[in-house]
Every structure is written in structure tokens, then in C-alpha cells.
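The structure appears right after this line, and notes come after that.
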2 protein chains.
Amino acid sequence: MILRRDEVGQRSETVRRANLSAIVRELHDRGPLSRSELVARTGLTRSAIRGLIGEFVAADLVSEERPTPLGAPGRPSPLVHLNAEGAVVIALEIAVDCLAVALVGLGGRVMALERVDRPRTHVSVDETVADLVELVARIRATRPPDDPLIGIGVAVAAVVRRSDGLVSMAPNLGWRDVPLGERLAEALGSDVPISVANEADLGALAEHRRGVAIGADDVLFLSGEVGVGGGVIVDGRPLSGVAGYAGEVGHMPVNPTGIACACGSTGCWETEVGVGALLRRAGHPPDGGRAEVDAILHEAITGSPAALGALDSVGRWLGFGLAGLVNVFNPSLVVLGGFFTRIHPFVARTLGEELERRALPAPRRLVQVVPATLGVDAPLLGAAELAFEPLLADPALWLGPRDGLAELASA
Amino acid sequence: MILRRDEVGQRSETVRRANLSAIVRELHDRGPLSRSELVARTGLTRSAIRGLIGEFVAADLVSEERPTPLGAPGRPSPLVHLNAEGAVVIALEIAVDCLAVALVGLGGRVMALERVDRPRTHVSVDETVADLVELVARIRATRPPDDPLIGIGVAVAAVVRRSDGLVSMAPNLGWRDVPLGERLAEALGSDVPISVANEADLGALAEHRRGVAIGADDVLFLSGEVGVGGGVIVDGRPLSGVAGYAGEVGHMPVNPTGIACACGSTGCWETEVGVGALLRRAGHPPDGGRAEVDAILHEAITGSPAALGALDSVGRWLGFGLAGLVNVFNPSLVVLGGFFTRIHPFVARTLGEELERRALPAPRRLVQVVPATLGVDAPLLGAAELAFEPLLADPALWLGPRDGLAELASA
């Protein structure tokens, strides 16, 4: 509310940019809206909406359609929608046992998506970057070459510094201090911005924007794979901590007599609930991937005591750690992502019992534990959202200048 | 930046109120400032500052002093300061083994403070309320009867609902669903607003505003007494969760084979690091209070292996739990409050070793663990801040109307 004196001259341009951002966010998050709905949602006047939409249409980011009147009186409000082809991003995901790539258009339309398993021995930075370059080339070949690419987002199973996307540590990949964005920019020969973030943080973003957590302001997203990560939404905003490292729930110590963790400590939560813990307890090779998990679920369905016991144990440890997080965060929603989505029906009972026993009654009554609706792709779709963020925050940069003076004043 | 159409008419009044709030917050948080410093800090013009300060002076909330010129050329900028007597609050604290009350003036000046130990058997709601009424009467008697009392803030060792201050659960007091604010209002016969909050949340607020955590945006404040609580500052704002129950770090399960906790679960962090855990391990009566803790510290100084061993053990468990919280929150500062402040020198080494072993290197490098500087009074001083909040947020309500039309427009 306080305008500094030197800002007054820039005010109208600042307002224009903020209003353009409000409109494109509404359309990106909610899909097509009538002009009347945009008026209601943004609080802008009808004539302001008309003018701003005109700017988007001129830049080919938005189209308007006048719906066929159905005999009702009055002029129907035109339906405004984003052109998915008007701005496209590449989303990448680096997990321990798989890689994924997607091309996503404005408004969140997934145009192409590919996920490939990879052996656990194939996780050096060089090999990973080379594999990703190949995947990107393959997926781009499915699309016209003139797709307007505006950014690349990368989800990685790692502790990532927010300021520059440095991969500080990825215990299960064995990486430390890798400038992943730079490496990828070089290898891809691309000059669009590359943003890197932790996969659980991006899973939380995607579920909050397009999944089961829409409208929830206090959310804990759990990403379970070989490693276990957390993405936390606090009061509607992502929890990042002082440098972006927050949410490493997989490395909460939970078992004082527990086994060694890839991070160097012992008894971390992920040693009790990660993929490896399930495989180990069910008597499967602990380095097995997706197929081994499927085998255990199949055995559980056929009543195998070893498989059922392993799932019960993972469920109990899930509840043990979640009880602490529910007491600490008082969330309305816990979203189980990654392989937790798949095992959810098998662990829900023991998880619930442990939560009942160990979470304080007040926060426990307010929390729901649900599987992720975007499934295993949540972090990948979150990476796409990350890559769209600059356009959503300041779409004016993608539009023609309104007039030279205004641009000058805001420079 | 988007002004709804129906807000435009109210804009100048809204701006005035926001600017009044900005000024009173600066003076309340930082102490006396010159007009020039207020111009620099708020971005308002010199003439706007002059007008707004005039309103505060007319309401007796602010005074201005022209410093004696020291032979320097130019007119010195008048020093603006809040009148502590212009608005006064009562702060109350309800801990398991003591009660405290303070009278605090605008700007945070503590005018009177009293803390009394009480036996652990004397903690029913009725007795507590009666004891507080007596304490309030005693402390008010030390002041002129016409102190302008504007609010009462209460810090309580309990899980508190934010919306109405309901004490949902206080395991170590044995309370459940107590409408504490209502009970106190009735017993005190007071009609000023009474706000109730968790003592660790208020300790965090006080240390963030006036203690060791000034300027830090990501802070974990640990309150250790019989129970253990946490107050978390995330990105400069208090973490509350969906209903205000967040921060109950004392009830994180940390020991799968641990002992029973007052909350009904087992192996909660407070069973390993609370006052009771230290007394138990040192072979003292586990229900002892402050004096027993002092006795253990004295024994430790004289080299008693039992006392040193008990402190080492509490330090290790402190580090065990803190490692998880550092990984989850990536704070820049962990503030040890309550009895942790007093035992800090005795547990710092083992706590640090455990943190080194169990926290991820990236967040660990960025965090400092320090004792609270406001000591045992942090929650009480935070309760005063809570009671001042309505005035700080909208001081216009305590000032005369500027003109009838503006008041009408903002009604």
C-alpha cells in the first residue's frame, strides 16, 4: 500500500503488468473462462479485461470464441482460452530408477510425455545428461520444429539450492554440488532459461495447482521412491527454508537403532519407508525397481504373509513419521505421491492406526491422507509449472510494448 | 495491485490506515527514530510523515523531541518515540510449574513483571484462573489506576486453536477444550480483548521481534519445560497450520521403544528432552521443578557422573530431533528457549555432534543453534506483543476520526 516516491511514475505500467499476470494465471490454472468470469475473478472492469485480452490475442497466447447462442436472450460472453501452442515448455525428471520428459503447452496441456526406466548403475551426471539430451531430441521430433519454447524445468531427487538450482546433494544418485542447469544448457545447446528444483517440492506444486490439493493452503506432499522427499505448502505458499533445502522429511531420524542411510546418517525415515525398505522386508532384492514393487503388490493380493507383513511394516513407519509431521505442520491434507500412491490401498490401515495413536487429536481430526491424483507424474508436471512461472509472473515480457514511453519508464 | 471497483472510493482511507500502521510498527519494533529515519524506512514523504505523526501526538500515543543541536549546521530532525503509557497491555503465562504476569507499555516497555512457582498439583483451570486474577490485581496495584489498558495476551503450554483461542489440549496440565479467554474475561471482569496462544509460538514471536532472531526469516524456537513446544517462523511469518495447532515438535515420535507421554502416545521427543527426562536420568524426582534442575546443573559443575551423563543424553536426543527439524525447515536459526537456555552450555557439545552426524550437510552449514536472549520470559513478552497486535495493525481505531466522510466511506 505504500508507494515509494520514485515508484509513482511507474505505477500505471506496474498495474498493467500485474493485471496481465492475474489474467494469465486464472486461465492457466482454471482453463477457459468467459469474460464475465474473468471480471468476477480479477475484480477488473469489463473494458480493462477487453483491452488486456487484446494484447494477449495479438501475441497469439490467447483466443476468444463466441459460443453459439442457445436461443437465450442477451449477448453471450466470449470464452477466453490460452493457446497451448502459444508457449511451450520442456519438463524433465531425474529419479534414481527412471528419467522422464514432457512437452507441455500453456494452460498445462501435456503434448507428449515419455518415461524410461534405467538401471541403478547408470546414474552418473554425464550419463544422465546424455540420456536426457536423447530423450529431449526424441520428444521434440514428435512436434513441429517451430514450437515457441520458453523454458525448461527440471525435477530432481536431490537437495537443491533455490538461488541457482545447484544440486547440493543427491544421496541416492551419489551426486554432490552439481551445477545441473548449466550442464543441461550446455548439452542441449539451449538458451531458454533452465530451472531446477527438488522433485517433491514440484510434486507439491503440481498437486496444489492441478491435482488433489487444489484450494488447500496447508499441504504436505510426500514423494516416495528410492529416496523419500517432502514438498510442503504453508499458508498457500511453498516452504523453502533459508536456501531452498526445506522439506527433506526422508532424512528425519526416526529409528535410533536403524540402518545406514545413503545420506551418511542412520535410521532416517527413508530407510524405513522407501522402496528399498519394502523390498528388503519382503525378501526381494533391495535394489530392484518398479517391477519388484509390482511383484510384491501381486503377492500381497494373493495373500503372501511376507508381502503383507512388509507392507504393514512400511505402513506403520509411514504413520510413525507422518504423526510427527502432522503435529509439526497441522496440514489439512497429506498427499502420498510416487510409489506411496501405488501402495496406499495396502498400507492405509496400519498408517491410519499409527496416526491415530501418535498424532495429537486436534490436528489429527483436521487432516486427510490421500493418494496423489497426478500419480507418478506429479513432479514432472510440477517441473513444467516451474518453467512457466516467468511468463505467468510477468507476461508483458512476451507481449509487444504497449508504447515506448511506458517501456522506458519501467526499464 | 488490482483494486476492485468498490474499493476505489475507500482507497485514500485505506492508504492512511496502512501508513499509520507502518509508522507505529517501526517505532514499536525499533524504538525512537528521527523523522528522517521514518522517511527512509517507510518510503513516505516528509510531509505525509508529519501529518500522520500529528495524529498520533493528538492521541497521546507519540511524543516528539527536538534534540539539542550540537553546534552542527542545519535543523536536527525531531526524534519520534512512542509513549509507553499511551497504551498498556497485560501479559499472562501459564506454564506447568509456574505462572507469570507482566504489564507492558507501547514500544515493549516492561513496567512490571512477576513470576511465581506453583506446585504441580495446583493446575486445575479454576485454581489457575483464580491465581491469575490475584496476580493481575497485585501487579495493577503497582501502577496508576488510569493506565489505558488495550488488551490482554495469554501464553499457555497447550495446543491452542487460532480462531478463538480455545485450549484444545494441554497434556501436561491435563486440560481439554477449555475456552480460556472467556473464563479469564469473566473472572477478571474485563472487557478488553483477550488473546490466547501457544507459549512456544509466542516465544518465537518475541525472539523474532526483540531477541536473538531479529532479522532472521526462518527460525525454529524451541520451548523446553515439562512439555516441549516449537514456534516456527517461515519466511518471516509464524507457521500456524490450518487451525493454529502447528509447531508441536515435542510430540514428534522419535523413539519407537520409548516411554509413555502425557499426550497418550509413546516415545515423543519431550519424553527424551523435557525437564522430566533430565530429572529421571539424573536420578532426581521426575516431578521436581526449577530447583531440581538447578541442583543437577550444580552437580554437573562439580563433576557428578550421573548429572553429566543425564545432560549428555538430553543433548544427544536434542540433536537427534533437531537434525530432523533442520532437514525439514532449513532454518537459519534454532533458538533454545525455556530450560534449554539454562542447560545449553552443558548440552551444546553432544547436541552439535548429533546434528553433525544426522542433519544433511547443506542445511546444517546454514544453521546456528543459540540460546534465547529473552530467557524464560520470551513467551510472556510474546503474549504482550500478541495483545498489541490490533493496535499495530490498525492504529486508526485508537485515533480520532480524521473527518466524518472518510470514516463513513471506510465503515
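Ordered shortest first, which distances in nm separate the 7 Å Cα→C-beta label point of residue A:264 from those of the other copies?
Listed shortest first, these distances are 4.1 nm.
For the rotation bringing A onto B, which A residue has its Cβ nearest the axis, and at how many Å?
Its Cβ sits closest to the axis: A:234, 3.
From the protein chains alone at 1.4 Å, what is the descending order of accessible area for B:117, B:312, largest first?
B:117, B:312
Take the Cα atoms of the stretch A:196-282, find their three principal axes, and give me the spread along each one in whole Å, biggest first.
39, 30, 23
Select from the stretch B:86-144 those trypsin sites (Lys or Arg not before Pro) which occupy a DSSP coil region and have at most 16 other Cβ atoms within 10 Å, ordered by residue number.
Those satisfying the criteria are B:120.
What's the whole-number percent of alpha carbon pairs in the stretch A:298-402 lying beyond 20 angstrom?
54
Heavy atoms only, 1.4 Å probe, whole protein assembly: order A:15, A:328 by accessible area, highest first.
A:15, A:328
On each of the three principal axes of the Cα atoms of the stretch B:227-266, give max minus min coordinate, whole Å, ordered largest first.
36, 17, 16
Using a simple charge model, +1 on the beta-carbon of Lys and Arg, -1 on the beta-carbon of Asp and Glu, nothing else, what dipole does the protein assembly as shown show about its Cα centre, in debye to the nearest 20?
Roughly 940 debye, rounded to the nearest 20.
So for the stretch A:269-335, what percent of the C-alpha to C-alpha distances run longer than 19 Å?
38
Name the residue farthest towards the positive end of the dipole of the stretch B:63-185 from the options B:132, B:81, B:96, assuming +1 on Cβ of Lys and Arg, -1 on Cβ of Asp and Glu, about the Cα centre.
B:81
Treating the point 7 Å from Cα along Cα-beta-carbon as the label, what are the nm separations from residue B:349 to the other copies, to one decimal?
Between copies, matching label points for residue B:349 lie 5.1 nm apart.
Inverting the mean 1/r over all pairs of different Cα atoms, compute the Kirkwood radius of the stretch B:152-298 and quote it in Å.
16.4
Please report, for residue A:301, the nm distances (one decimal) from its label point, 7 Å out from Cα along the beta-carbon direction, to the equivalent points in the remaining copies, shortest first.
So the distances to the same position in the other copies read 6.9 nm.
Using Cα springs under 10 Å in a Gaussian network model of chain A, which residue among A:197, A:40, A:378 shows the largest mean-square fluctuation?
A:40
Using every alpha carbon pair in chain A, what percent of pairs falls into each 20 Å bin from 0 up to the bin containing the largest distance?
Here the calculated profile for chain A is 25, 51, 22, 2.
If you wrap the protein assembly as shown's Cα atoms in a convex hull and average its projection over all directions, what's the area in nm²?
Value for the protein assembly as shown: 42.0 nm².
Average projected area of the Cα convex hull of the stretch A:139-194, in nm²?
Averaged projected hull area, Cα only: 4.6 nm².
Between the stretch A:129-167 and the stretch B:226-266, how far is it from one alpha carbon centroid to the other, in angstrom?
Using only Cα atoms to place each centre, the spacing works out to 39 Å.
Go through B:372, B:231, B:15 and say which Cα lies farthest out towards the positive end of the charge dipole of chain B; charges sit on Cβ, +1 for Lys and Arg, -1 for Asp and Glu.
About the Cα centre, the residue reaching furthest to the positive side is B:15.
Let me have the 222 nm mean residue ellipticity of chain B computed from DSSP H runs of 4+ only, each contributing -39500 (n - 2.57), with the sum over all residues rounded to the nearest 500.
Helices in chain B give a 222 nm mean residue ellipticity of -13500 deg cm²/dmol.
The values are calculated or read from the model by the stated rules, or taken from the named source; none is laboratory data. It should be emphasised that the depicted structure is a prediction, and the values quoted were computed from it without experimental measurement. Positions of Cβ are generated from backbone atoms using ideal geometry, with glycine treated the same way; all protein chains shown enter the neighbour counts. SASA here: full protein model, heavy atoms, side chains in, ligands and nucleic acids out. Shrake-Rupley method; radii C 1.70, N 1.55, O 1.52, S 1.80 Å.
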